[in-house]
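The values are calculated or read from the model by the stated rules, or taken from the named source; none is laboratory data. Note that the structure is a prediction, hence the values are computed from the model and not measured. Reconstructed Cβ throughout: ideal geometry from the backbone, glycine too, with neighbour counts over all protein chains shown.
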Amino acid sequence: MALAGTLKDFSLADIFQLIGLQKKTGVLTLTNDKEEARILFMNGLVVGADTNNQKLENRLGHVLVKSNRISQNELEEALTSQRNTLQRLGQVLVQKGFIKQEDLRDSLQMQTSEIIYRLFRWLDGEYHFKQERFVDYDQENFAPITSESILMEGVRMLDEWPMIEKVIPDFETMVDRTREGRTIKLNVDQSLSVDVSGEDSFNSLLEGVLSENTMDEDSTPPTSGMPNLSHQMELVLRLIDGPSMVQDLIDTSGLNEFETCRALYDLIGMGLVQKLSDEEAQSTVGVIEKEHHIPVWVPAILVVIIAAFSFYLAWNPLNTYFPSPAKVEQLENQWDATVAYRLRKIASAVEIYYITVGTLPPNLGSLERRSFLREDDIKDPRGNDFFYDLEQSGYTLAGRNFDGTRSADILITRTFAQETASLEP
């Protein structure tokens with residue numbers, strides 16, 4: 001018997017968990033008033049996905065051209081060959097030597113994941129799972145994805161997308177670097193570690209104010225005056241060369257929608273990127289051209305003055321014991337943002353724990369012991385435990401204020417309805 005219903009009654013996360021646990025093979029169809037999507041499962045593993053307005057192969061060719069991996073002429077040649085041979089587009093591209101097989105595998109994996117993660121943002125819709133003995137997919141170039149890995153990332157995105165959408169409402173939003181963003185020297189050729197949380201920049205800001213026993217012994221201060229950017233943030237910032245549409249940045253970055261928009265959200269928050277209206281998108285080009293006519297000695301003098309002032313602030317010993325009110329306020333704001341981010345991360349892990357185990361974790365240490373989170377994830381930047389109040393039908397998470405007291409504002413409260421479901425054979 002097929003599993004069917006509405007997403008309001010049974011969430012997509014619950015559906016994935018159910019199909020994954022029972023290792024079912026078949027097609028999950030999701031529909032709303034604008035779109036229809038299909039997700040293929042083989043023995044509980046995801047092996048493909050597409051939508052009626054975003055076929056995977058069509059999207060694959062578009063992204064490969066936008067990211068300069070193939071030319072438009074090569075794509076048209078491959079499409080012509082595909083129509084004659086009825087092979088998959090990816091196989092044709094590999095056979096003609098336009099892309100490598102590992103590039104095809106990475107692209108298919110990313111495109112499939114991106115379609116599925118976008119479905120997690122649906123607020124309403126209907127679902128229908130039809131069980132099959134076998135589903136056809138590109139076994140040579142697609143590695144099946146576990147439901148658990150999709151759930152972990154999908155729930156995290158679900159938590160953070162509302163925050164991002166307040167700044168980036170849609171993919172047609174135009175953005176550009178700010179004046180500060182155009183002065184940043186990027187480590188284009190340097191391999192950087194990924195840090196989407198932005199917590200390293202907060203910890204560096206905290207240096208000089210917290211006592212030595214609250215800091216990591218092997219921590220080193222970053223270069224003065226240079227923001228600490230994650231690999232994704234550097235990549236997206238490097239692609240913004242004048243007014244740019246968010247969708248174009250997604251297509252050319254090689255990152256998925258969430259990673260690109262999260263990087264943009266952080267860059268906008270740091271003042272390195274700004275949103276543009278239609279009028280600003282046209283006028284920004286002229287502003288940039290005018291800036292090139294400024295005499296060379298003007299910015300040189302400004303750089304010397306700013307560097308000297310930054311050096312004085314960094315080495316003034318009074319800053320350690322008597323930070324300025326402005327710096328204290330900056331620290332408190334950064335503290336609140338970091339604590340709120342970690343609480344959202346913990347809440348996502350609690351939901352995955354609940355879906356996997358069937359009960360709420362007895363304490364936050366259970367998330368670390370079962371490898372849902374690292375030990376650092378369940379503590380605030382000073383190493384203090386978060387407050388976790390377990391209730392009969394849910395829980396409350398709370399952080400500490402900058403002064404160490406329990407916060408009445410930075411908290412998350414969740415309740416869980418007791419639902420069970422199963423797929424009949």
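Points to keep in mind about this one:
- Residue count for region 250-279, restricted to those that are of a type in the set (Ser, Thr, Tyr) and farther than 17 Å from His231 by Cα: 1
- Filtered by the rule that a residue be within 17 Å of Val47 (Cα to Cα) and of a type in the set (A, V, I, L, M), region 90-111 gives Leu104, Leu108, Met110.
- Test: Ser283 is farther than 28 Å from Ile115 by Cβ, polar (S, T, N, Q), at pLDDT below 85 and not in a loop (DSSP other than H, G, I, E, B): yes
- Selection status of Asp50, in contact with a strand residue (DSSP E or B) (Cβ under 8 Å, 6 or more places away or on another chain) and either surrounded by fewer than 17 Cβ atoms within 10 Å (Cβ to Cβ) or closer than 25 Å to Arg156 by Cα (or both): yes
- Just one of the numbered conditions (1) hydrophobic (A, V, I, L, M, F, W, C); (2) part of a loop (DSSP other than H, G, I, E, B); (3) touching a helix residue (DSSP H, G or I) at 6+ places or on another chain (Cβ under 6 Å); (4) at pLDDT below 75 is not true of Leu205: (2).
- Of the helices (runs of 4 or more DSSP H) lying entirely inside region 314-425, those containing at least 2 residues that are farther than 24 Å from Gly269 by Cβ and at pLDDT below 80 are 318-321, 325-357.
- Test: Glu172 is touching a residue at least 12 places away in the same chain (Cβ under 8 Å) and either surrounded by fewer than 14 Cβ atoms within 10 Å (Cβ to Cβ) or within 14 Å of Asp14 (Cα to Cα) (or both): yes
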